[in-house]
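Trainee: Below is the structure I would like to discuss, written out as structure tokens.
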Amino acid sequence: MTPQQIALVQDSWKKIVPIRDMAALLFYARLFELDPSLRPHFRKPLDQQGRKLMGMLGTAVGCLGRMGEITATAGDLGRRHAAYGVKDEHYDSVAEAFLWTLEQALDTDFTPELREAWTVAYTTLANVMKDAANDPAFSQAVA
């Protein structure tokens with residue numbers, strides 16, 4: 001990510017934090033609308049799951065530019081998601097729902113440049129998670 005993209009994501013995140021509970025509920029509603037097959041993967045109440053999601057996102061946003069600080073955590077998260085049955089293709093639905101949520105929450109502040117910055121940030125994190133989940137050593141341990 002470029003320094004400008006990092007700044008865009010971090011600045012926009014400050015606008016999401018005050019409405020994070022609402023944003024999380026919007027996200028999950030959109031995610032299940034896009035891919036109803038994902039609903040059974042979420043056993044905890046969505047308000048609890050939303051708090052976890054927003055906490056993880058806040059940590060990730062804070063570490064942009066210093067991905068080494070979150071790579072191990074993201075890898076562990078990716079492996080846990082794989083154990084829950086999450087597949088690589090599910091990350092596309094999550095990306096679409098997440099970007100839609102940002103667009104709803106930020107309205108006119110969600111510019112094409114900001115969309116691109118968030119896309120890069122999400123893709124970077126998702127790739128770390130998928131790589132960890134697809135690690136042959138992990139696959140053998142789960143099998």
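Trainee: Could you work out how far apart the two model spin labels at residue 107 and residue 25 are, taking each label as a point 7 Å from the Cα in the direction of the beta carbon, and quote it in nm?
Mentor: Output for this residue pair reads 1.9 nm.
Trainee: In terms of Cα to Cα distance under 18 Å, which lysines are near enough to residue 87, apart from those fewer than 8 places away along the same chain?
Mentor: 130
Trainee: Using Cα pairs closer than 8 Å and at least 6 residues apart in sequence, work out the relative contact order for the chain, in percent. Working shown, then result.
Mentor: Values: 113 pairs, mean separation 54.2, N = 143.
About 38 percent, as a whole number.
Trainee: Please rank 61, 120, fewest neighbouring Cβ atoms within 10 Å first, as an exposure proxy.
Mentor: Working: 61 21, 120 17.
So the residues, fewest neighbours to most, are 120, 61.
Trainee: Grab the Cα-Cα distance for residue 72 and residue 7, subtract it from 0.36 nm times how many residues apart they are, and report the gain in nm with one decimal.
Mentor: Numbers: separation 65, 0.36 × 65 = 23.40 nm, distance 2.31 nm.
Contour length minus the Cα-Cα distance gives 21.1 nm.
Trainee: Further question: Excluding same-chain residues fewer than 8 positions from residue 14, which aspartates and glutamates have a Cα within less than 18 Å of its Cα?
Mentor: List returned: 103, 107, 109, 113, 116.
Each value in this text was obtained by applying a stated rule to the coordinates, not by laboratory testing. Just so it is clear, the model here is predicted, and its values are computed rather than measured. No Cβ is skipped: glycine too gets one built from the backbone with ideal geometry, and neighbour counts run over all protein chains shown.
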